[in-house]
Amino acid sequence: MRKRTFTPEFKAKVIIELLKGEKELSQLASEHEIAPNQLRNWKSEFLENAANAFDNKKDEKLKESLKSSEAEKDDLYKKVGQLTTQVDWLKKNLKNSLDLIGRVNLLRAQKDSKELPLSTVAELLDVNRTSAYYKSKSPSETELAIKDSIDRMHTDNPSWGSQADFKSICGIQGFDIGRLKTRRYMQDMDIHAIYPKPNLSKPAKGHKIYPYLLRNVDIVRPNQAWSIDITYIRLKHGFVYLTAIIDWHSRLIVVWELDDTLSTNMVKSALEKAFSVAKPETLNSDQGSQFTGHEYISFVENHRVKISMDGKSRWADNIMIERWFRTLKYDEVYLKDYVNIRDARKQIGDFIHSYNFEKLHSALGYQTPAENYYPVLLGITA
């Protein structure tokens, strides 16, 4: 079968249609017969190069770059030994720098490249070569209904695992599903049961685990402590992930981000927006891969923010964001049927704005989160 090629004009047209948010990524992929992950790669490339459209000096920069490349070319022949050492270092440390999704996407981006055999790239990235050819399918209505049930049950009963969930789904709701598929769905949704496990102090291989810093700490001011976490949001014909950051003192949702990919990029984007508003003294998260990877750790530490992490399976350590997710699910998500990611972003955005600026909290003396957060941020006595 002849390999398909796509013009830059076609790629731009498809990505612009995706960014409008009127159609899901999976729907566009199906219409154009393109792998969903290829669309994700196009989207990332499009956004990374968007600033070039406003750069009037790009031709001059290109000439300078070409001139510099010629000089560098002469030096490359002298660095064979050094490059060999660097490749060995890369194989050992790349796994700490990119999460699995990032490495798989990088592998898929190399499919059409002739620079290196795909098997070599897969070995360097420490992923299975077959990942480059996997084509995901749009979830069925049954799968979405089951995942919605799992999400509701986990929200109400965070200690339930795949065995309890699948018995409830089969016995009460009548779905034909086994425990293994239930467990796979929970992994897709980044849902994990809360229960004690052995070797709790042993960190994941290659990942640095930080201690929990907020136990018995008296939170008395905004930006003293933030929490960040990710939750699953269902759509009418798919699902997305929501990253949210909450200020412990005021209960304000400082920043939120919605994306169709569960990756570190979504978390980093949320942090960039949040740190442009303010910086906390301590940022707490769970021990998920998005929060233990090198990219997240280095980004937070470079902004001189203390990193705190929940104890393994201790959801109560991140109670502020967990309670807010429950409020979001019952007061907004479970009452709606979002058509697409654009619709979800609009309605969830409206809910968060109402929560921040209109909802009164008894714990805050019947004030809104915004009334407790922004006056202090601006140096005004509330």
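The values are calculated or read from the model by the stated rules, or taken from the named source; none is laboratory data. None of these values were measured; they are calculated from a predicted model. Positions of Cβ are backbone-derived with ideal geometry, glycine not excepted, and every protein chain shown enters the neighbour counts. Calculation scope for accessible area: heavy atoms of the full protein, side chains included, ligands and nucleic acids excluded. Shrake-Rupley method; radii C 1.70, N 1.55, O 1.52, S 1.80 Å.
Under 6 Å by Cβ, and 6 or more places apart or on different chains, what pairs join a residue from segment 339-366 that is without any contact (Cβ under 8 Å) to a residue 60 or more places away in the chain with one that is open to solvent by less than 20 Å² (accessible area, probe 1.4 Å) and of a type in the set (D, E, K, R)?
PHE351/GLU332
Pull out all pairs, ordered by first then second residue, where Cβ-Cβ is under 7 Å, the residues are six or more apart or on different chains, the first lies in segment 230-254 and is farther than 26 Å from ALA370 by Cβ and assigned by the TED database to the domain that holds PRO280, and the second is open to solvent by less than 10 Å² (accessible area, probe 1.4 Å) and among the basic types (Lys, Arg).
Listed by first residue and then by second, the contacts come to ARG234/LYS147; PHE239/LYS147.
List pairs: first in segment 11-25 and outside the structural domain of ILE341 (by the TED database) and in contact (Cβ under 8 Å) with a residue 60 or more places away in the chain, second among the charged types (D, E, K, R) and open to solvent by less than 60 Å² (accessible area, probe 1.4 Å), Cβ under 8 Å, 6+ apart or cross-chain?
Qualifying pairs under 8 Å: GLY21/ASP343; LYS23/GLU17; GLU24/ASP260; LEU25/ARG40; LEU25/ASP260.
If the Cβ limit is 6 Å and pairs must be 6+ apart or interchain, which residue in segment 279-298 that is among the β-branched types (Val, Ile, Thr) pairs with which residue that is modelled with pLDDT of 85 or more and surrounded by 18 or more Cβ atoms within 10 Å (Cβ to Cβ)?
From residues that are among the β-branched types (Val, Ile, Thr), the pairs are THR282/ALA225; THR282/SER308.
Exactly one of (1) open to solvent by less than 80 Å² (accessible area, probe 1.4 Å); (2) modelled with pLDDT of 70 or more; (3) under 30 Å from LEU39 (Cβ atoms) is unmet by ASP112. Its number?
ASP112 satisfies every listed condition except (1).
Please find, among GLU322, GLU272, the residue that is open to solvent by 50 Å² or more (accessible area, probe 1.4 Å), at pLDDT below 90 and assigned to a helix (DSSP H, G or I).
Values: GLU272 fails: at pLDDT below 90.
None of the other options fit; the residue is GLU322.
State all residues of segment 360-373 that are open to solvent by 80 Å² or more (accessible area, probe 1.4 Å) and either part of a loop (DSSP other than H, G, I, E, B) or closer than 25 Å to LYS20 by Cβ (or both); if no residue qualifies, say none.
Answer for segment 360-373, where residues must be open to solvent by 80 Å² or more (accessible area, probe 1.4 Å) and either part of a loop (DSSP other than H, G, I, E, B) or closer than 25 Å to LYS20 by Cβ (or both): LEU360, TYR366.
State all residues of segment 242-262 that are open to solvent by 10 Å² or more (accessible area, probe 1.4 Å) and within 8 Å of the chain's Cα centre (by Cα); if no residue qualifies, say none.
Within segment 242-262, ASP259, THR261, LEU262 qualify.
Assess whether ILE307 counts as being among the β-branched types (Val, Ile, Thr), surrounded by 18 or more Cβ atoms within 10 Å (Cβ to Cβ) and touching a helix residue (DSSP H, G or I) at 6+ places or on another chain (Cβ under 7 Å).
Yes, satisfied.
Taking the condition of being surrounded by fewer than 18 Cβ atoms within 10 Å (Cβ to Cβ), small (Gly, Ala, Ser) and in contact with a helix residue (DSSP H, G or I) (Cβ under 9 Å, 6 or more places away or on another chain), how many residues in segment 275-297 meet it?
Of the residues in segment 275-297, 2 are surrounded by fewer than 18 Cβ atoms within 10 Å (Cβ to Cβ), small (Gly, Ala, Ser) and in contact with a helix residue (DSSP H, G or I) (Cβ under 9 Å, 6 or more places away or on another chain).
When VAL87 is evaluated against the numbered criteria (1) among the β-branched types (Val, Ile, Thr); (2) at pLDDT 70 or above; (3) in a helix (DSSP H, G or I), which criterion, by number, is the only one it fails?
For VAL87, the failing item is (2).
Looking at segment 49-63, can you tell me whether even one residue there is modelled with pLDDT of 75 or more and open to solvent by 80 Å² or more (accessible area, probe 1.4 Å)?
No, segment 49-63 contains no residue that is modelled with pLDDT of 75 or more and open to solvent by 80 Å² or more (accessible area, probe 1.4 Å).
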